[in-house]
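The values are calculated or read from the model by the stated rules, or taken from the named source; none is laboratory data. No experiment lies behind these values; they were computed from the predicted model shown. We place every Cβ from the backbone using ideal geometry, glycine too, and count neighbours over all the protein chains shown.
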Amino acid sequence: MNKIKIPIGPQHPALKEPANFQLVLEGEKIYEAGMRLGYNHRGIEKACEQRSYIQDIYLVERVCGICSHSHATAFVQAVEEIAGLQIPPRASYIRTLIGELERIHSHLLWLGVAGHEVGFDTLLMYTWRDREIVMDLLAEITGNRVNYGINTVGGVRRDVSAEQIANISKGVDAMEERTKYYIQVATEEATLIARLSKVGYLSKENALRLGAIGPTGRASAVDTDTRRDDPYAAYADLNFKVITDNHCDVYGRTLVRVGELMQTYNMVRQILKQMPEGPIAVKAPRKIPAGEAFSRYEAPRGEDVHYVRANGTDKPERVKIRAPTLANLSSVAKMMEQNYLADVPIIIAAIDPCFSCTDRALVLKDFGQPGDRAMEWNELRKYGIEWHRQRGIDFSGANKRFAKLMEAHN
Amino acid sequence: MSATKEEEISGRLSAQFPFLAGQVKIQRARRLWVETSPENFDAVFNGLVEKFGFNSLCTITGLDEGEYFGLLYHLAKEDGTVASLKVRVARHNPKWKSIGNKFPGGIIYEREIADLLGVQFEGLPPGPRYPLTDNWPAGQYPLRKDWQNTNVLPKNGGGA
């Protein structure tokens, strides 16, 4: 069968963010997938070198609109390690609290998007409604729904009041009830299970080889989680389970995320109960002594890493950021192979299978014929009918019966 | 007092690679920094990955250090220990080798360093560049310390 290469993106009605995928199709199936990235490159690493450490916190917080706290925390952790700062225990707990609330907001958002991409928009409406609870809590604690601005070098900038703790506790109870319902949907709803199972398969072996991380890796039975393996902030004090699954497909990734939500509610409760009293920050020097540090953070999408090198001034010599998605993208190409084009959106949850668009982008050619001319629609239809008839599939009888039936009905 | 797991790794590394004596630094729990010469890179890199269990590549950091470009391979173990292996390549001949055959996920990190710092990786499979635009002017490497954005922007500042 002839292979057809179709580009999707960087600007595409179904793409939420700019990326370009080159799909080589063999019929309906994806034979090979390539990608071109970088359309959103903003030069943040270079910009960090020209700004002070304090300014950089706010800059790196804007690397991502969803896991903003992940980047800010990974960055300040590296700076604190170089400066030899020990942050107060209460600050560690507040950082962890915001990090886990951020995970709730990110996972609920993902669940909604996943529902939307498979045509289950009720799930999108439900999860995004419930997500408002955590967005309101984040706004109440930090002043912002996203880009919380809670971190500073040496601790956090805002304390959490007893009233806020009570509100978080109530909010978590409500979201836990809702998540139990989503777990029921994910494990009992036959349509959803059938739609997600065996889609975007990534074996454990490939996940390891391609460096898949976070829920993507854990759904392929890769048992890693920075929170447990390389604990930072207050994670060493918390009791939690790392959720893994061996379905290795989109269904497994859904189960891991809803499972993680349940763990997170429990972790938030532990944080609220165990949070020590005391100061929330230590005084940090404006100039950071020369040195380097490598910081890891388990963002909702997987391990986020920052490398910071200081040169004794108030500006860093180098800031290197590797966001989790970059590490997972090599796996996306593998997941798409041998899947149907229709499964592309749920595999890369950001692309919609807009067939009308792709059809218009296609030029069907009469390969092997002189001049390689393009076929007209009627010609193509006739060719298709003839192609099937030669292989013993003939609908002409059925068409006649259908016409008769319609006549009788009228 | 018994040795910590970091001291144990450091000791085993120095025993296996005598040239690493004094080049392994333990910064804190779960963080090791190792520096090697270009000639010994393969042996140390493969040793860390195959014999010491550092089988996951977090990322590669490229550094502009004047006469040299520093490359830091951040390798992680399942128990959370990270070894950052550093090698330096000369600025006047910025060529290095790809580790893409061992870590296919590392190809994108190498492309990033090639684009932003101008270190060429031999053995990198053909593919699109990352992350700069296709029409980015040749020889402009933004992460080099001597690079200014006026190199590529119009003199009047450009933009709207």
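Report yes if some residue within segment A:190-201 is out of contact with any Phe, Trp or Tyr (no Cβ under 7 Å at 6 or more places or on another chain) and buried (at least 23 other Cβ atoms within 10 Å of the Cβ); otherwise report no.
Filtering segment A:190-201 down to residues out of contact with any Phe, Trp or Tyr (no Cβ under 7 Å at 6 or more places or on another chain) leaves A:190-191, A:194-195, A:198-201.
Now drop any that are not buried (at least 23 other Cβ atoms within 10 Å of the Cβ), which leaves A:200.
For segment A:190-201, residues out of contact with any Phe, Trp or Tyr (no Cβ under 7 Å at 6 or more places or on another chain) and buried (at least 23 other Cβ atoms within 10 Å of the Cβ): present.
Kindly indicate whether A:Ala333 is surrounded by fewer than 23 Cβ atoms within 10 Å (Cβ to Cβ), hydrophobic (A, V, I, L, M, F, W, C), more than 24 Å from A:Ile104 (Cβ to Cβ) and within 14 Å of chain B (Cβ to nearest Cβ).
Details: surrounded by fewer than 23 Cβ atoms within 10 Å (Cβ to Cβ): yes; hydrophobic (A, V, I, L, M, F, W, C): yes; more than 24 Å from A:Ile104 (Cβ to Cβ): yes; within 14 Å of chain B (Cβ to nearest Cβ): yes.
For A:Ala333, the condition - surrounded by fewer than 23 Cβ atoms within 10 Å (Cβ to Cβ), hydrophobic (A, V, I, L, M, F, W, C), more than 24 Å from A:Ile104 (Cβ to Cβ) and within 14 Å of chain B (Cβ to nearest Cβ) - is met.
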Next item on the list: Just give me the residues in segment B:45-78 being at the interface with chain A (Cβ under 9 Å from one of its Cβ atoms) and not in a strand (DSSP E or B), in sequence order.
Entry: B:Asn55, B:Lys77, B:Glu78
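Filter segment A:214-240 down to residues that are more than 9 Å from chain B (Cβ to nearest Cβ) and among the basic types (Lys, Arg) and give me whichever is surrounded by the fewest Cβ atoms within 10 Å (Cβ to Cβ). Let's see the steps before the verdict.
Just the residues of segment A:214-240 that are more than 9 Å from chain B (Cβ to nearest Cβ), to begin with: A:214-222, A:225, A:227, A:232-240.
Those left that are additionally among the basic types (Lys, Arg): A:218, A:227.
Working: A:Arg218: 26, A:Arg227: 23.
Once the filter is applied, the top-ranked residue is A:Arg227.
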Notebook entry, point to check: Applying the selection to segment A:214-250, what residues are touching a residue at least 24 places away in the same chain (Cβ under 8 Å) and assigned to a helix (DSSP H, G or I)?
Noted result: A:Gly214, A:Pro215, A:Thr216, A:Gly217, A:Arg218, A:Thr226, A:Arg227, A:Tyr235, A:Asp237, A:Val250
Item checked: Lone unmet requirement of (1) in contact with a Leu (Cβ under 7 Å, 6 or more places away or on another chain); (2) small (Gly, Ala, Ser); (3) over 30 Å from A:Thr96 (Cβ atoms) for A:Ala47 -> (3)
Next item on the list: Return a yes/no flag: does segment A:71-85 have any residue that is without any contact (Cβ under 8 Å) to a residue 60 or more places away in the chain, at negative phi and assigned by TED's automatic domain parsing to the domain that holds A:Thr264.
Entry: no
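For segment A:134-166, give me each residue that is in a helix (DSSP H, G or I) and among the β-branched types (Val, Ile, Thr). I'd like the intermediate steps shown before the answer.
Of segment A:134-166, the ones in a helix (DSSP H, G or I) are A:134-142, A:162-166.
A:Val134, A:Ile141, A:Thr142, A:Ile165, listed by residue number.
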Check: Tell me, which residue of segment A:190-213 that is touching a residue at least 40 places away in the same chain (Cβ under 8 Å) and within 12 Å of chain B (Cβ to nearest Cβ) is nearest to A:Val256 (Cα to Cα)?
Finding: A:Ile213
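Just give me the residues in segment A:27-41 being of a type outside the set (Ser, Thr, Tyr) and under 20 Å from the mean Cα position of the chain (by Cα), in sequence order.
If we filter segment A:27-41 for residues that are of a type outside the set (Ser, Thr, Tyr), which is where we start, we get A:27-30, A:32-38, A:40-41.
Across segment A:27-41, the qualifying residues are A:Ala33, A:Gly34, A:Met35, A:Arg36, A:Leu37, A:Gly38, A:Asn40, A:His41.
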Check: Of the residues in segment B:79-129, how many are among the hydroxyl-bearing types (Ser, Thr, Tyr), within 11 Å of another protein chain (Cβ to nearest Cβ) and surrounded by fewer than 21 Cβ atoms within 10 Å (Cβ to Cβ)?
Finding: 1
Next item on the list: Within segment A:41-64, work out how many residues are at pLDDT below 95, more than 14 Å from chain B (Cβ to nearest Cβ) and buried (at least 16 other Cβ atoms within 10 Å of the Cβ).
Entry: 4
Note to self: Residues that are assigned to a helix (DSSP H, G or I), in contact (Cβ under 8 Å) with a residue 60 or more places away in the chain and on the phi > 0 side of the Ramachandran plot: does segment A:251-263 have at least one?
What the structure shows: no
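Could you check, for segment A:310-330, whether at least one of its residues is charged (D, E, K, R), in contact with a strand residue (DSSP E or B) (Cβ under 9 Å, 6 or more places away or on another chain), closer than 25 Å to A:Met35 by Cβ and surrounded by 18 or more Cβ atoms within 10 Å (Cβ to Cβ)?
Filtering segment A:310-330 down to residues charged (D, E, K, R) leaves A:314-315, A:317-318, A:320, A:322.
Still in the running and in contact with a strand residue (DSSP E or B) (Cβ under 9 Å, 6 or more places away or on another chain): A:317-318, A:320, A:322.
Within this subset, residues satisfying the condition of being closer than 25 Å to A:Met35 by Cβ are A:320, A:322.
Retained after the next criterion (residues that are surrounded by 18 or more Cβ atoms within 10 Å (Cβ to Cβ)): A:320, A:322.
Among the residues of segment A:310-330, at least one is charged (D, E, K, R), in contact with a strand residue (DSSP E or B) (Cβ under 9 Å, 6 or more places away or on another chain), closer than 25 Å to A:Met35 by Cβ and surrounded by 18 or more Cβ atoms within 10 Å (Cβ to Cβ), which makes the answer yes.
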Check: Taking segment A:12-40 as the search range and keeping residues that are free of Cβ contacts under 8 Å to residues at least 40 places away in the same chain and within 21 Å of A:Leu329 (Cα to Cα), which one is surrounded by the most Cβ atoms within 10 Å (Cβ to Cβ)?
Finding: A:Gly38
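Limited to segment A:275-329, what total is found for residues that are part of a strand (DSSP E or B) and either within 14 Å of chain B (Cβ to nearest Cβ) or free of Cβ contacts under 8 Å to residues at least 24 places away in the same chain (or both)? Let's see the steps before the verdict.
Pass one, segment A:275-329, residues part of a strand (DSSP E or B): A:281, A:291-299, A:302-310, A:316-322.
Right, trim to either within 14 Å of chain B (Cβ to nearest Cβ) or free of Cβ contacts under 8 Å to residues at least 24 places away in the same chain (or both) and you get A:291-299, A:302-310, A:316-322.
Adding up the residues that qualify gives 25.
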